[in-house]
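The values are calculated or read from the model by the stated rules, or taken from the named source; none is laboratory data. Bear in mind that the values here come from a model prediction, so they are computed numbers and not experimental data. A quick note on method: Cβ atoms are made from the backbone with ideal geometry, for glycine too, and the neighbour counts reach across all protein chains shown.
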Amino acid sequence: MRKKIVAANWKMNLDFNMAEDLMAELSEKLAEREEDGPEIVICPPFPYLEMAIDFSEDGAFLTGAQNIHPLDAGPYTGEVSAAMLASMLVDYCIIGHSERRLHFGESDAFLAEKVKAALKWDLTPIFCCGETLDQRNEKRHFEVVSDQLAAGLFHLPESEFRRVVIAYEPVWAIGTGVNATNEQAQEMHAWIRKLIAEKYNPATAAVTSILYGGSCNAGNAPGLFAQPDVDGGLIGGASLKADEFISITRSFPARQ
Ligand code: PGA
């Protein structure tokens, strides 16, 4: 059985007091969640990570960073390494978000190095992939996602690949209010799983968690999470409201 995960990507939002209030509410309300519920990961901005780790101590959620630098230390002003995060006991890190690819020019080769660094330091990478609207309209979305996975992840040996989580985030759905339909999400997730089976083997494909991200909210999460190849979500805007995020974490179909 693969892991169900709901991860909150707060992006560059909230001041310190707002972040503290939201974490306090989440840690209180998520502490009561069901035994077989999903793994919940909160990825706040870097300055709030230590606070998130403190709030996570009662087990309501795990913590994640939104980015890492692939090197352990050195003259890279403004950057944060996987080694630093590991020393703070951070659990996850997002790698290859489309906003980093677009605004910070992060190449596939650079992302592949980040994945290596994360695994070296025992952080679970949430590796993002997804096509733009133009690429979908040109019917290149499968090719684009295949290329992103081949360049960013498929250099890993199987034992390392098994420690990676994938997030399919169509760029046209991020922050737009237009989510992928259940069918579009399922189709791409099944395609990703097929690529993993071909590159590695069916057993590895079967245990890889593939999250959906892009305008996922409390209204559409139940439909998306009911798809057989959708194992949870990477949630942006809707993760900034405690009640809505908590409701998303409870949107999985009941286990048979
Ligand atoms: P959104 O963002 O939920 O606000 O669309 C998701 C993401 O970018 O991870």
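Kindly establish whether residue 139 is charged (D, E, K, R) and either in contact (Cβ under 8 Å) with a residue 60 or more places away in the chain or within 25 Å of residue 201 (Cα to Cα) (or both). No; evaluated as a whole, the condition is false for this residue. If the condition is being crowded, with 24+ Cβ neighbours inside 10 Å and either within 10 Å of the ligand (Cβ to nearest atom) or farther than 24 Å from residue 125 by Cβ (or both), then the stretch 198-224 contributes 211, 212, 213, 214, 216.
Residue pairs whose Cβ atoms lie under 6 Å apart, separated by 6 or more positions or on different chains, with the first residue in the stretch 75-93 and touching a residue at least 24 places away in the same chain (Cβ under 8 Å) and the second surrounded by 16 or more Cβ atoms within 10 Å (Cβ to Cβ) and of a type in the set (Ser, Thr, Tyr), are 90/63; 91/63; 92/124. Which fully enclosed strands (runs of 3 or more DSSP E) of the stretch 1-70 have 2 or more residues being touching a Cys at 6+ places or on another chain (Cβ under 9 Å)? The qualifying strands (runs of 3 or more DSSP E) are 5-9, 62-65.
Residues of the stretch 68-116 that are within 16 Å of residue 129 (Cβ to Cβ), within 16 Å of the ligand (Cβ to nearest atom) and in contact with a strand residue (DSSP E or B) (Cβ under 7 Å, 6 or more places away or on another chain): 93, 94, 95, 96, 97, 98, 111. Taking first residues from the stretch 157-168 that are within 16 Å of the ligand (Cβ to nearest atom) and partners that are assigned to a loop (DSSP other than H, G, I, E, B) and hydroxyl-bearing (Ser, Thr, Tyr), the Cβ contacts under 6 Å between residues at least 6 apart in sequence or on separate chains come to 165/209. With respect to the conditions (1) over 15 Å from the mean Cα position of the chain (by Cα); (2) over 22 Å from residue 63 (Cβ atoms), residue 243 falls short on a single one, namely (2).
Among the residues making up the stretch 225-256, those that are more than 10 Å from the ligand (Cβ to nearest atom) and of a type in the set (Ser, Thr, Tyr) are 247, 249, 251. Within the stretch 231-244, no residue that is part of a strand (DSSP E or B) sits with its Cβ atom under 6 Å from a residue that is among the acidic types (Asp, Glu) and near the ligand (Cβ under 8 Å from one of its atoms) at 6+ positions apart or across chains. Beta carbons closer than 7 Å, at least 6 apart along the sequence or on distinct chains, never pair a first residue in the stretch 1-25 that is closer than 18 Å to residue 175 by Cβ with a second that is more than 11 Å from the ligand (Cβ to nearest atom) and at pLDDT below 95.
Note on the stretch 117-132: residues that are away from the ligand (no atom under 16 Å from the Cβ) and more than 16 Å from residue 5 (Cβ to Cβ) amount to 5.
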